[in-house]
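Read the structure below first, then the notes.
Nothing in this text is a laboratory measurement; each read-out follows from the coordinates by a stated rule. These numbers were taken from a predicted model, which means no experiment stands behind them. For neighbour counting, all protein chains shown are included, and Cβ atoms are generated from backbone atoms with ideal geometry for every residue, glycine included.
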Amino acid sequence: METIAQADRRAPTALRSTWKRAVASPWWIAAIALALRLAWIMIGHTYKFKPAPYNFNFGWEMGSIGASIASGRGFANPFGPPTGPTAWEPPMYPYWTGLVFLAFGIYSKASAIVLLGLNSIFSALTCIPIFFIGRRMFSRRVAIVSSWAWALLPSVITWCTRWVWETTLSALLLALAVWLALALEELEGVEWWCLFGLLWGAIALNGTSLLAFLPAAGLWVWYRRARCGKRSLARVVLASLVFLASISPWLVRNYNTFGRFIFIRDNFGAELRLGNGDGASGTIMDDLGPPQDPSAMRQFLETGELKYIAMRKQQALDYIREDYSRFAGLCWKRLLYFWAGAPRKTGSWWLNQAKNSLFLASSVLALWGLVRTLRLRKPGAWLLFWLILLYPMVYYIVYAGARYRQPIEPVMTILAVFVLIESGGNPAISPPVQS
């Protein structure tokens, strides 16, 4: 029979074993990440938004459209005043916001807590695809450390606990898309290709700018399978049809509403003007937009959304054509701001410099990790290369800001962790574990 002393000695061993399994489990990491985020929402009172006309600080255009939906006026009024139907934003997150407003009150504290809580769930769940991408491409150690980094980094926690926006959901959906693209090299069932098309449909209806990566992701999967002698044309066509079917209802809505074809959202021309015009410096000139500029709001109300956007687009194009070298210089600034951090308008100088230094350091580590991944010919290296290359390009043309890097930061976190572990002499370049 086991003695009491033997049982006492065995208990700590079992506890340590349980702890080790929990630390290495993406599900437990996600659970701890969620607990931290929810705690910060309540402790930091991040659900209290600064007062603004039409409660615009509560979700900006997303919140305004959500409030319009909840009040029975439909997908409309992106700036608060009754400006009519809109395609200013993609539909998924505003409808999500509208449902929360309908259940918990328009612009209420309860709705703020629920929406930030949902963002926290999206952010925490992102730990899981991060784990599987890291394990598939590198090693189990890289997967575990990357997931913990995402769970604990203050910069990641900030976006999901303070912003009512689609950013954290976009990061989750893109991370899932990257993992599925890696896995489709081996998966044969047509249901996985249907899921691929459906997932990209969700991405399109949530964060349209991510579609810059879709052609590269699809072609990469097709090429990798072709190298193995696997036929994929029919599956690629199936995924494309599912993608088109998932976004078609919104395209039909836009056509019926505006009398012309609009691919998901229509505001590119207006955004182009906010980054290109007299006084342009590479960042957003948000004081020119309808929410901040009364004259712009009057123009929007008088001309309507489509004519206002066309006017703004023409102004931006005229400015660009006046001096292409000046435009090239602005694009170069925006590239630097996207990766090194844009100038900050508020806060102390030294704190802003510290934040931008950390922002730049994370970019350097991620890009260094990408170069090492390409040189070592890791599985999926070129898939990540095309993501890093293609996704930011629209922001080099329009304007740059820290928020726009967030959707690709799960991948950047994996690459940064990989290069740090490798430089520390850890055998992170061992053959990856297939998932």
Ranked by Cβ crowding within 10 angstrom, fewest neighbours first, how are 258, 75, 131 ordered?
-> 258, 75, 131
For residue 389 and residue 240, compute 0.36 nm times the residue count separating them, minus their Cα-Cα distance, and round to one decimal in nm.
-> 51.4 nm
In the structure shown, do any of 20/378; 333/355; 50/313; 230/378; 313/345 have a Cα-Cα gap over 24 Å, and if so which?
-> 20/378; 50/313; 313/345
If you count, for each residue, the other Cβ atoms within 10 Å and average over each peptide, how do 163-169, 56-62 line up from highest to lowest?
-> 163-169, 56-62
Mean ellipticity per residue at 222 nm, deg cm²/dmol - from DSSP H runs of n ≥ 4 across the chain, formula -39500 (n - 2.57) | -22000 deg cm²/dmol
The range 73-135: relative contact order in percent, alpha carbon pairs under 8 Å with at least 6 residues between | 15
If eta is 0.692 mPa s and T is 37 °C, what Stokes-Einstein diffusion coefficient results for the range 321-400, Kirkwood Rh from Cα pairs, in µm²/s?
-> 228
Normalised by the number of residues in the range 4-423, what is the relative contact order in percent for Cα pairs under 8 Å and 6+ residues apart?
-> 17
In whole percent, what relative contact order does the range 300-407 give with Cα contacts below 8 Å and a gap of six or more residues?
-> 35
Distance between the range 41-88 and the range 259-292 - C-alpha centres, whole angstrom | 19
Fully extended, how many nm does the chain gain between residue 255 and residue 340 (0.36 nm per residue separation, minus their Cα-Cα distance)?
-> 26.6 nm
Ranked list, fewest to most other Cβ atoms within 10 Å of each Cβ, for 158, 373, 346 = 346, 158, 373
Using the Kirkwood formula over every pair of different C-alpha atoms, what hydrodynamic radius in Å results for the chain?
-> 23.4
